[in-house]
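The values are calculated or read from the model by the stated rules, or taken from the named source; none is laboratory data. Predicted model, so just to flag it, every value in this text is computed and none were measured. Counting neighbours? That spans all protein chains shown, and the Cβs are built from the backbone with ideal geometry, glycine included. Keep in mind that these areas ignore ligands, DNA and RNA; they rest on the heavy atoms of the full protein, side chains included. Shrake-Rupley method; radii C 1.70, N 1.55, O 1.52, S 1.80 Å.
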Amino acid sequence: MPLVSMRQLLDEAAKGGYGVGAFNVNDMEQIQAIMEAAKQTNSPVIIQASRGARAYAQDRYLYHLILAASELYPEIPLAMHLDHGNSFETCKSAIELGFTSVMMDGSLKADGKTPASFEENVAVTKQVVDFAHERGITVEGEIGVLGGVEDGHGAGGSGLEHVTDPDQAVEFAEKTGVDALAIAIGTSHGAYKFSKKPDGSVLKMDILLAIHKRLPKTHLVMHGSSSVPKDLQDIINQYGGKLKETWGVPVEEIQLGIRNGVRKVNVDTDNRLAITGAIRKVLWETPEKFDPRDYLKPAREAMQKVVALRMTQFGQAGHAGDYQAVSIAEIAKGYKNGSLSTKPLVADK
Ligand code: 13P
């Protein structure tokens, strides 16, 4: 299947009532792990690359690796998404390269650190929406500010500092016409999300529910959704690592989100932990080894296991064959003639 529009993928997820994992990549092994997991579980999937990943791997390597994935797994709907674009130019360059979806994170200024005003966020996001939709490309926006830092991008601090205001979320969706809306409900990027074991609800689920009530048809996005499983932390520490005790987002909270409009679930850290643990184990137990394949193969398998589990937990498993790809040119026509709506349905408070 050619690379598909993320809008199509999320519209289908809404029809089916499931969430889709968006997994970050920097290299070939991560892409292979995701595609094998998608095949194993028969799942549609989003592969995303941040600015940091684009700088690390170089654009053309990344693009062609992900394109190769779509050729090798024609049965899997696959969207290629830019994670946390910091400016119009960054999003434009991703679109020109061949990404089928971009995130314009206008919640922060272009430095990727300083919170931006609502007006600045609306202006830059709308500029990206106009450019992208004309070309059939999906846009994710963000309202509210996530916690933590990932690949140098983020305001830092806890995820509870700038949670999304539901009224602003409505105004933002109306003014920008984004296809998907990332909201801040207490999650943060990275391994250190919560310093005590979550008891009951750790996220501001009341905010998510309020936003979903007002914007019942808008695809919501949960960033910072790694669960940071204890067993993956333990493997790293057992083989010489030094991770401090930490907790992530319980999968049940993500599932509650999925029952309430969350269609895209971002996961990076869990895969990083799985990879690093597997590599440490091989190097610790067999220090004589020096062929990278001896540790990259188990690393790839460990990541595949995590991704396949998340695909099952998010509900996307079993849905790869539900639909055929609509071409990006057709999607562009849909935005133009209004069959793909960019006006959110807004319900009363
Ligand atoms: P985690 O650090 O929780 O995996 O979040 C990743 C993410 O949100 C990427 O945008």
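A convex hull fitted around the alpha carbon atoms of the range 27-83 yields 63 Å³ per residue. Taking amide hydrogens as placed 1.01 Å from N in the peptide plane, the amide H of Leu340 sits under 5 Å from those of Tyr335, each at least 5 positions away in sequence or on another chain. The local environment of Tyr18, defined by Cβ-Cβ distances under 14 Å, has a net charge of +2 under the rule Lys, Arg +1 and Asp, Glu -1.
If you run the Gaussian network model on the chain, springs between alpha carbon atoms under 10 Å, then out of Gly98, Gly106, Gly186 the most flexible one is Gly98.
Computed in the context of the full set of protein chains, the accessible area of the range 190-267 at 1.4 Å probe radius has 53% of its extent on carbon or sulfur. Each Lys or Arg adds one and each Asp or Glu takes one away; over the other residues whose Cβ falls under 12 Å from the Cβ of Ala110, this sums to -1. Extension gain, Asp322 to Ala68: 0.36 nm times the residue separation minus the Cα-Cα distance gives 89.2 nm. Segment Asn260..Glu75, full-extension length gain: 63.8 nm, with 0.36 nm per residue of separation and the alpha-carbon distance subtracted.
Under a Gaussian network description of the chain, with springs only between Cα atoms under 10 Å, the residue in Lys244, Lys281, Lys297 that fluctuates furthest is Lys244. Length gained on full extension, Lys343 to Glu119: 78.8 nm, using 0.36 nm per residue less the C-alpha separation.
The charge dipole of the range 158-291, taken about its Cα centre with unit charges on the Cβ atoms of Lys, Arg (+1), Asp and Glu (-1) only, comes to about 80 debye. Where only DSSP H runs of four or more residues are counted, the chain gives -14500 deg cm²/dmol as its mean residue ellipticity at 222 nm, each run worth -39500 (n - 2.57).
Among the GluC sites (Glu not before Pro) in the range 240-309, those placed in a DSSP loop whose Cβ has at most 15 other Cβ atoms within 10 Å are Glu245, Glu288. The charge dipole of the chain, taken about its Cα centre with unit charges on the Cβ atoms of Lys, Arg (+1), Asp and Glu (-1) only, comes to about 280 debye. Among complete DSSP H helices in the chain, those whose alpha-carbon atoms stretch at least 18 Å along the helix's long axis and whose mean Kyte-Doolittle hydropathy reaches -1.0 are 28-41, 59-72, 118-134, 269-285, 292-314. Net charge around Gly136, counting only other residues with Cβ within less than 10 Å of its Cβ (Lys, Arg = +1; Asp, Glu = -1)? Here the charged neighbours net out to +2. Entry comment: accessible area of the chain is 42 Å² per residue, from protein heavy atoms only and a probe of 1.4 Å. Restricting the range 194-296 to chymotrypsin sites (Phe, Trp or Tyr not before Pro) that sit in a DSSP loop and have at most 12 other Cβ atoms within 10 Å of their own Cβ leaves Phe290. Computed in the context of the full set of protein chains, the accessible area of the range 17-92 at 1.4 Å probe radius has 53% of its extent on carbon or sulfur.
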